[in-house]
Amino acid sequence: MVVKGFNILRGGAVLSSAIALSVAGAHAQAQTAATGSVDAERRAAETVRQMTPAEKVILTHGILALPLFPGAPPMPADAVPGAGYVPGIPRLGIPPLRETDASLGVAYAAGMRKDNATALPSGLAMASSWNPELIEQGGRMIGGEARAKGYNVMLAGGVNLMRDPRGGRNFEYLGEDPLLAGTLVGHAIRGIQSNRIIATIKHFALNGQETGRHFADARISEANAQESDLLAFKIGIEIGNPGSVMCAYNPVNGAPSCANDWLLNRVLKRDWGYHGFVMSDWGAVPNLQAAMNGLDQQSGEQLDTEVFFGDKLAAAAAGDSAWSARLNDMNKRILTAIYANGLDRDPARPGGAIDYAANARVAEEVARQGIVLLRNQGDILPLARTAQNILVIGGLATNGVMSGAGSSQVIGEGGPAVSIPLGGTGPFASFTNITYHPSSPFAAIQAMAPQARLRFRNGRSVSEARTEAAKADLVIVFANQWSGEGFDQADLALPDGQDALIDAVASANPKTVVVLQTGGPILMPWLDKTAAVIEAWYPGIRGGPAIASVLFGETNPAGKLPITFPASEAQLPRPKVDGFDRLEPDFIGRAPPGAAPLTVNYDIEGSDLGYRWNTRSGHKALFPFGHGLSYTTFEYGDLKLKGLTATFTVRNTGKREGSTVAQLYLTRTPGGAQQRLAGFQRLSLDPGESRTVSVKLEPRIVADFAENEWVIQRGNYGFALGSSAEELAQSANVKLPARRWKQ
Ligand code: BGC
């Protein structure tokens, strides 16, 4: 659907006036992209014909481009330190591939590139904006930086759905819903690739936990996978047309993702008709056979037991026509992605100009739109700029804002504000540093309220905090939960005694505002004692001003949760992250010698993740998916359905301009009650303004997947319009004819 003449970023930086959100739109874009790549494919096939047997195993494997391995040969002269490097073939005009992580910006590369980059807020912050165009703008920005630093492949496009709120990489991804996450990742990819570089949707698939990440076998039926995680990938690929797909570490239904014939050959390449290439995750290739099972490129080969996709692959291709055909296809796919994205015609070179100030403004806009106002008793927020005597406690709020860790770690200009080692042994111990970006919320609050008497206590002493809180007019407590790649959370409690701190402070002063920076949902045993809570996630390089801007109402918050905050861990499909209790913490996550197999049963919740699981189980969330307050109020009305097009009105019933996200849920099928997000629309309204909007609902959300087809049964379907999964305002029914279709 295209809503015309409608600016979702009132007063904001850059967004255009037309919003394309629908499946129809996505298909049209996929076709354009596919048409564009027909030429690329033809050229690729022609180049493959010119390649010698030796040249055919150049593009098929690459290294981790960081000199971390003792005794290893020096880095190639044309490599840029980063996640990966694949040599080019100058004779044929094929450029080397220089690869960088990741979805939140150009990653730090262990400091070896000796420069910095602009850190977007976390994936969950981005997803909370429910704003595809903004996410595309973010993608454009980080892709521009990647290009200027000489990279032509970004390992960005993380879209694993949140199956467990304790998952260590949830912060990198886009939440629990396939339509929302798939739409947003598609736009992120489009933004990145607009720089004539390749983006990488990842980790394909079902990479839902970090514990035992190399061997935790995700078990799931095909229908459940297609209706959830795979659908997010499919929608993302349709919208963004990424040059590459990165397969995951974990096995799926017994076969490693990177050697998984079902996932790679059947689903991705045959049923979805994907023409780009599949690259492995770093150290995820089990054997040469992975090539026959659909893998096109071995990445970070020093991390595998062998270089399978070099001489071994050449030898296999020399003696066998099936292998030789496969090798040609591998090259053709990699070259298609290179040509379709113009990597050869307009090569990325290091030393390009970067406007860090402008890019920081993009990061700040994403943070502003991604902050979620969870609670606001008695409208304590926004704070008056004339506020007096404010006590700020905890969270290193005078120093900066937290960021998540692992391969996605970006370090901003000026280096980290704080980097706290957490201890531990082994080569990856430094990966576990807690890093803060230099963007102090305390300084930003002071700038917003220059007359306020602002004081800070670090929160290490609960009794001191309690005493000081009682004396203040208002208290703002910062509470942080750090997470990172390679490790899951033990539970959903805030660490380091912060729950006790908030409880004591809020008991001493009812005017307590809590600002959370977390990697995912947490429990809030102190919630009823507080006046307000905002979720700032990991808010990126300009997180401080973004937080202050929401606190003081310069930004009217419009972020909506892209995940469910459970009321207790007992509500979750599984009591613990599988394997967490029996495995030693291990960044690599390979099976220790003699370890019992580790399986994760995703058929427990099947395709009903988060809010869908809650509906099925009758649970009420602490804060539901889609929830987020504003400093104004909205009313929904006149919901009508014509086939799968929903029309309705939204009215701003409050006193100030604001944005909201209208959410349309499927609530009933002929098979019974359901809850599935089928469409959404973010929009901005002036006070008193009302607008009629129409949204095309996603047929694959309405359908079930059965025997390799999407199936809509004839009968009555119920839909509801609301402002969260648990706040449904309007409902309507529609009779749909029977329909079946292939992918
Ligand atoms: C991560 C990927 C990343 C790759 C390269 C792996 O450990 O799982 O997301 O792109 O490393 O750094």
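The charge dipole of the chain, taken about the Cα centre with unit charges on the Cβ atoms of Lys, Arg (+1) and Asp, Glu (-1), comes to about 1540 debye, rounded to the nearest 20. Counting only alpha carbon atoms, the long axis of helix 498-508 and the longest principal axis of the chain meet at about 20°. Sequence-distant contacts, meaning Cα pairs under 8 Å at least 6 residues apart, place the relative contact order of the stretch 223-330 at 21 percent. Partners of Lys642 within straight-line reach, counting aspartates and glutamates whose Cα lies under 14 Å from its Cα and excluding those fewer than 8 residues away in the same chain: Glu698. Computed from phi, the 3J(HN,Hα) profile of the stretch 480-486 under the Karplus parametrisation 6.51, -1.76, 1.60 (θ = phi - 60°) reads 10, 10, 8, 9, x, 4, x Hz, with x in place of Gly and Pro. The Cα center of the stretch 205-240 and the Cα center of the stretch 564-643 differ in position by 14 Å.
In whole angstrom, note down how far apart the Cα centers of the stretch 87-133 and the stretch 685-742 are. The stretch 87-133 and the stretch 685-742 have Cα centres spaced 36 Å from each other. Over 19 Å apart at the Cα level, from the set Lys269/Lys742; Lys560/Lys620; Lys56/Lys202; Lys234/Lys640; Lys696/Lys735; Lys234/Lys269, are Lys56/Lys202; Lys234/Lys640. Near Asn458, once Lys and Arg are set to +1 and Asp and Glu to -1 for all other residues with Cβ below 13 Å from its Cβ, the sum equals 0.
Give me the net charge of Val278's neighbourhood, meaning all other residues with Cβ under 9 Å from the Cβ of Val278; Lys, Arg count +1, Asp, Glu -1. Charge balance in the 9 Å sphere: +1. Assign one of three labels to the stretch 273-348, namely rounded, prolate or oblate, based on the Cα gyration tensor with a ≥ b ≥ c the square roots of its eigenvalues; rounded applies when a/c is under 1.5, prolate when it is not and a/b is larger than b/c, and oblate otherwise. Since a/c reaches 1.5 but b/c is at least a/b, the shape of the stretch 273-348 is classed as oblate. For the stretch 620-701, GluC sites (Glu not before Pro) meeting the loop criterion (DSSP other than H, G, I, E, B) and having at most 14 other Cβ atoms within 10 Å: Glu689. Calculated mean residue ellipticity, 222 nm, the chain: -7500 deg cm²/dmol, from DSSP H runs (n ≥ 4) at -39500 (n - 2.57) each, averaged per residue and rounded to 500.
The angle separating the long axis of helix 321-340 from the principal Cα axis of greatest extent in the chain is about 50 degrees. Of the residues Ile198, Ser463, Thr211, the one whose Cα sits farthest toward the positive end of the charge dipole of the chain, with +1 on the Cβ of Lys and Arg and -1 on the Cβ of Asp and Glu, is Ile198. When the Cα positions of Leu104, Ala72, Ser129 are compared along the charge dipole of the stretch 31-140, Ala72 comes out farthest toward the positive end, with charges on each C-beta of Lys, Arg, Asp and Glu. Rounded to the nearest Hz, the phi-derived 3J(HN,Hα) couplings of the stretch 41-53 under the Karplus curve 6.51 cos²θ - 1.76 cosθ + 1.60 (θ = phi - 60°) are 5, 4, 4, 4, 4, 5, 5, 4, 4, 8, 7, 7, x, where x marks glycine and proline. Relative to the longest principal axis of the Cα atoms of the chain, the long axis of helix 132-148 makes an angle of roughly 50 degrees.
Within the chain, DSSP assigns beta bridges of which about 65% are antiparallel (rounded to the nearest 5). In percent, rounded to a whole number, the relative contact order of the stretch 512-553 is 44, using alpha-carbon pairs under 8 Å and six or more apart.
Excluding the site residues themselves, the longest part of the chain lacking any trypsin sites (Lys or Arg not before Pro) in a DSSP loop with at most 14 other Cβ atoms within 10 Å is 115-344. The residue among Pro53, Gly150, Phe428 whose Cα reaches farthest toward the positive pole of the charge dipole of the chain, with charges on the beta-carbon of Lys, Arg, Asp and Glu, is Gly150.
Coordinate-derived values only; no laboratory data. None of these values were measured; they are calculated from a predicted model. Neighbour counts are summed over all protein chains in view; Cβ atoms, including those assigned to glycine, are modelled from backbone coordinates with ideal geometry.
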